[in-house]
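J.: For reference, the structure I am asking about is given below.
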There are 2 protein chains.
Amino acid sequence: MIKTQKHAALELTEKQNLVMETLAKSKRPLGAYSILDALRDDGFKAPLQVYRTLDQLITLGMVHRLESLNAYTVCQLDSCASRNSQSASFVICEMCGLVEELAHSNVEGIVSRLLTNFDFRPTKTAIEIRGVCASCQS
Amino acid sequence: MIKTQKHAALELTEKQNLVMETLAKSKRPLGAYSILDALRDDGFKAPLQVYRTLDQLITLGMVHRLESLNAYTVCQLDSCASRNSQSASFVICEMCGLVEELAHSNVEGIVSRLLTNFDFRPTKTAIEIRGVCASCQS
DNA sequence: CTTGAATTGTTATCTTATAACATGAATTAT
DNA sequence: ATAATTCATGTTATAAGATAACAATTCAAG
């Protein structure tokens, strides 16, 4: 194995790259079926192909699922992919649909704060703050 | 209107009471269709009846939706109903399914901490911490 | 009453997700 | 090499979650 060191990004399969590009092009999180529709001409024929690819990307920390939207978005932070983090925090504007990921340097401390007095070993945290963004507060 | 002062609990409709009882009896969060199945003999015939009742109870702060489970649970804190709070925080054990609600005296401070430097007006926050509970860590 | 508004019932449908099994590719043992 | 095993992917069918659209009913105001 004389191959040069591989970067995570280069390891992606064709299908994974297609899903990443689709999500990256979109300004908003996408549902699995929207991704499927966008990729019908690229070999995606069934929902499960999308769901499996999303699962892989989520495991890599490159995509997050927005639990309260049943939708998926590319990770906006380099830190997630580099640590395979499945945890993420988002603000979601209920007026315009804007979604922004919060840096989670803060989040880990906050989670352990919340768990004070709870004997609980966290593996994956979802924080979704819904409300009104700056532009929409006018 | 000479009626005595009403408590929130006394205001509940028949259907709302049935859903509350069903959720309270269950040790685990329930999906809307499980609730429907449990209440088929009590006049519930269609999903929408369950969803509408759940929405009402959620608005009252008496039921919370677990976004990452697509399931519903009675609020375990008196503080939610008393302030009609739609925000809640949970720990969810991925081994045994245990779900426990975290007091949110902490949570509000934490949310504003997370939003430092974000011009965002939060209305509803979902925090769901998945992991392994004390019993399952053995 | 009776009109209009709001709630509740009902059917149909849409969206999201996964089970179950088939096919094919890679891996190892013989 | 090739059979046997395992693991990933394809495909069909269906389960589970949610809501749209409209009908029927209730209920308060005129």
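The values are calculated or read from the model by the stated rules, or taken from the named source; none is laboratory data. Computed from a prediction, not measured in an experiment: that's the story for all the values here. Note that each Cβ is placed from the backbone with ideal geometry, even for glycine, and that neighbours are counted across all protein chains shown. For accessibility, only protein heavy atoms count, side chains too; no ligands or nucleic acids. Shrake-Rupley method; radii C 1.70, N 1.55, O 1.52, S 1.80 Å.
J.: Inspect region A:43-60 for any residue being at pLDDT 95 or above, more than 14 Å from DNA strand D (Cβ to nearest atom) and either of a type outside the set (Lys, Arg) or open to solvent by 30 Å² or more (accessible area, probe 1.4 Å) (or both) and give the result as yes or no.
T.: Within region A:43-60, not a single residue is at pLDDT 95 or above, more than 14 Å from DNA strand D (Cβ to nearest atom) and either of a type outside the set (Lys, Arg) or open to solvent by 30 Å² or more (accessible area, probe 1.4 Å) (or both).
J.: Name the residues in region A:72-102 that are closer than 20 Å to B:Thr123 by Cα, of a type outside the set (Ser, Thr, Tyr) and open to solvent by less than 80 Å² (accessible area, probe 1.4 Å), would you?
T.: A:Ala88, A:Phe90, A:Val91, A:Ile92, A:Cys93, A:Cys96, A:Gly97, A:Leu98, A:Val99, A:Glu100, A:Glu101, A:Leu102
J.: Is it the case, given these coordinates, that A:Arg40 is surrounded by fewer than 15 Cβ atoms within 10 Å (Cβ to Cβ), free of Cβ contacts under 8 Å to residues at least 24 places away in the same chain, among the basic types (Lys, Arg) and more than 11 Å from chain B (Cβ to nearest Cβ)? So that I can check it myself, show each step before the final result.
T.: On the way: surrounded by fewer than 15 Cβ atoms within 10 Å (Cβ to Cβ): yes; free of Cβ contacts under 8 Å to residues at least 24 places away in the same chain: yes; among the basic types (Lys, Arg): yes; more than 11 Å from chain B (Cβ to nearest Cβ): yes.
Spelling it out, A:Arg40 is indeed surrounded by fewer than 15 Cβ atoms within 10 Å (Cβ to Cβ), free of Cβ contacts under 8 Å to residues at least 24 places away in the same chain, among the basic types (Lys, Arg) and more than 11 Å from chain B (Cβ to nearest Cβ).
J.: Starting from residues that are polar (S, T, N, Q) and more than 30 Å from B:Ser138 (Cα to Cα), keep the ones in region A:116-138 and report whichever is farthest from the other protein chains (Cβ to nearest Cβ).
T.: A:Ser138
J.: Another question, then. Could you figure out which of (1) more than 20 Å from B:Val91 (Cβ to Cβ); (2) open to solvent by 30 Å² or more (accessible area, probe 1.4 Å); (3) not in a helix (DSSP H, G or I) isn't true of B:Arg65?
T.: Exception for B:Arg65: condition (1).
J.: Could you list, in sequence order, the residues of region A:70-115 that are polar (S, T, N, Q) and either away from chain B (no Cβ under 11 Å) or part of a helix (DSSP H, G or I) (or both)?
T.: Listed by number, the residues that qualify are A:Thr73, A:Gln76, A:Ser79, A:Ser82, A:Asn84, A:Ser85, A:Ser105, A:Asn106, A:Ser112.
J.: Same structure, new question: So which residues in region B:21-30 are more than 14 Å from chain A (Cβ to nearest Cβ) and either within 8 Å of DNA strand D (Cβ to nearest atom) or not basic (Lys, Arg) (or both), if there are any at all? Show your work before the answer.
T.: If we filter region B:21-30 for residues that are more than 14 Å from chain A (Cβ to nearest Cβ), which is where we start, we get B:21-28, B:30.
Matches in region B:21-30: B:Glu21, B:Thr22, B:Leu23, B:Ala24, B:Ser26, B:Leu30.
J.: Taking A:Leu57, is it farther than 18 Å from A:Val19 by Cα and either within 16 Å of DNA strand C (Cβ to nearest atom) or more than 9 Å from every other protein chain (Cβ to nearest Cβ) (or both)?
T.: When the stated conditions are applied, A:Leu57 does not pass them.
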